[in-house]
Amino acid sequence: MSTTPPRPRAIGLVAATLALLRKDLLIEWRTRARLNAIIFFALATLLMFSFALGPDTKLLEKNAGGYFWLAILFASVLALGESFRVESENACMDGVRLAPADARAIFLSKALGNTLLLTALGALLVPVMVALYGVRIVTSFMDLGLILLLGCLALSAPGTVYAAISSNARARDVLLPLLLFPLVIPALLSAAKATTLVLQGDPMNQFNSWLGLLGGFNLIYWGVGFVLFPRIIED
Amino acid sequence: MNKFIKWGLLVLALGLLGAGWWLGLAWAPPDREMGDVQRIMYVHVPLQWMAMLAMFINFVAAVAYLFKASWKLDSAAEASAEIGLVLGTAGMITGAIWGRPTWGVYWSWDPRLTSEAIMLVTYTGYLVLRRFVEDPEKRATWSAVVAIIGAINLPIVWFSVRWWRSLHQVQSSPRTVDPEMVLPLRVSAFGMLFITLFFMAVRYRQALAERQAEVALPDALPGDVPMSASHNPSKVA
């Protein structure tokens, strides 16, 4: 009936998150700079552990879960820092902030993007770990996949908050690990323990308790990040 | 704060600490198992209690800052984190000195030691962040966020590490406290409390003065004292 032009609609949280995530993934797909960098970094880390320990296969096999997660943790520092460095070029962050969308969508999209990247990295590292450290997956691939996903989620939520802070501070390369490493100890501990159980069998049925801890950590930090993130990027 | 109250606090604190430590060294009985070594408890335990108190004040100030921005809350957060870190470090050193003769090692991966170490690293990161951000408003907001996230992590660390240890072996030292040991502990704890409050008051006023010097427009945040009031700093504290 009326001929007024359609007014711009405020976009919902989910739609905004998906749009931002799509943008980040597109940038990632076109350059592939971040994924390539962290893959080679993580591979080098896994390799370095075996050199640092010498050719003691028993020791490597026993600690494989821990080394696997340390490689992902070290690579995550690069990935997280880079995810906000992209936005600082050409003041892109200001553009994203000016969009009529919920600021929390930025947190969700960045954290989900980092999770996807780290999970992909972890999936690529599993066969390398199996080959280098001589382990085998005893319980099931499903368990390992679940732990990988939950662990990467747990690294990404606080990591995204801290990367947003440190990307604007001086000495950001020092600041991010300094803030992140002590924080993710519970997540790292439970992910490494659960991975070890997957690789060496779980006679005492402890897997689910570690999974529960990891899930609780995720709930807390995705919640806290979701609530507090808009305060970080406000200007 | 009134000058008399401030220096009175210091005198009271030193008096109580002196009395508490004298009681602890000379009056209280030696521990049955550990002997005289146990007397370090009257230094170690008050230090740790006050470190906890300072970290808790830091958390409260950070939450309050996010609800209502004010330089006073930011200064309180900075002061409490710094003092908590000093007290916690001193507590850890005294704990290590105590641990060597009783456990045979300076350090063990006991849940309490581990969570304490993580707490110290967390607040070191917090203070490093404060040094690395020049804009005072951003520094205040970001450090409040980091303080909250860090404080939430501490109970998780405590429980997760306890959980982890319980799967292996627990090296704990449950100590029941003799009534004759309670008095010196209590006196020295109050002494430590007053000296903490004294440090906090001094450091808070320094931090507030720094904020006021940094901010070009003193009224930039609501609820703050304007620059003109800074000639009367006793109102501020």
Take each complete run of DSSP H in chain A, measure how far its Cα atoms stretch along the helix's own axis, and keep only those covering 24 Å or more with mean Kyte-Doolittle hydropathy at least 1.6; list them.
A:33-53, A:141-166
In what order do B:Lys3, A:Lys62, B:Lys72 fall by count of nearby beta-carbon atoms within 10 Å, going from fewest to most?
B:Lys3, A:Lys62, B:Lys72
Given a Förster radius of 45 Å and the C-beta distance between A:Ile11 and A:Leu35 as r, what FRET efficiency does 1/(1 + (r/R0)^6) yield to the nearest 0.05?
0.95
Over the stretch A:115-198: Rg over Rh, Cα atoms, Kirkwood Rh:
1.05
Given a Förster distance of 41 Å, report the FRET efficiency between B:Asp135 and B:Thr102 from their Cβ-Cβ distance, rounded to the nearest 0.05.
0.25
Please give me, ordered by residue number, the GluC sites (Glu not before Pro) of the stretch B:28-118 that lie in loop per DSSP and have at most 12 other Cβ atoms within 10 Å.
B:Glu33
For the stretch A:9-56 and the stretch B:1-57, distance of Cα centres in Å
51
Taking the Cα atoms of the stretch A:155-219, what is the range of coordinates along each of the three principal axes, in descending order and whole Å?
49, 22, 13
Relative intensity, log₁₀ I(q)/I(0), of the protein assembly as shown from a Debye sum that treats every alpha carbon as a point, q = 0.05, 0.08, 0.12, 0.14 Å⁻¹:
-0.24, -0.59, -1.13, -1.33
Would you work out the charge dipole size for chain A about its Cα centre, treating the Cβ of every Lys and Arg as +1 and the Cβ of every Asp and Glu as -1, and quote it to the nearest 20 debye?
300
Would you mind ranking A:Asp94, B:Asp110 so that the residue whose beta carbon has the fewest other beta carbons within 10 Å leads the list?
A:Asp94, B:Asp110
Percent relative contact order of chain A, based on C-alpha pairs within less than 8 angstrom and at least six residues apart?
26
What is the log10 of I(q)/I(0) for the stretch A:31-233, computed with the Debye formula using one identical point scatterer on each Cα and no solvent, at q = 0.15, 0.17 Å⁻¹?
-0.91, -1.12
At most 14 other Cβ within 10 Å, DSSP loop - trypsin sites (Lys or Arg not before Pro), the stretch A:154-235:
A:Arg170
The stretch A:157-235: relative contact order in percent, alpha carbon pairs under 8 Å with at least 6 residues between:
42
Using DSSP to call loops (not H, G, I, E or B), can you name the trypsin sites (Lys or Arg not before Pro) in the stretch B:6-53 whose Cβ has at most 15 other Cβ atoms within 10 angstrom?
B:Arg32
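Every number in this text was worked out from the coordinates using simple rules, so none of it is lab data. Nothing here was measured: the structure is a model prediction, and the numbers come from that model. For neighbour counting, all protein chains shown are included, and Cβ atoms are generated from backbone atoms with ideal geometry for every residue, glycine included.
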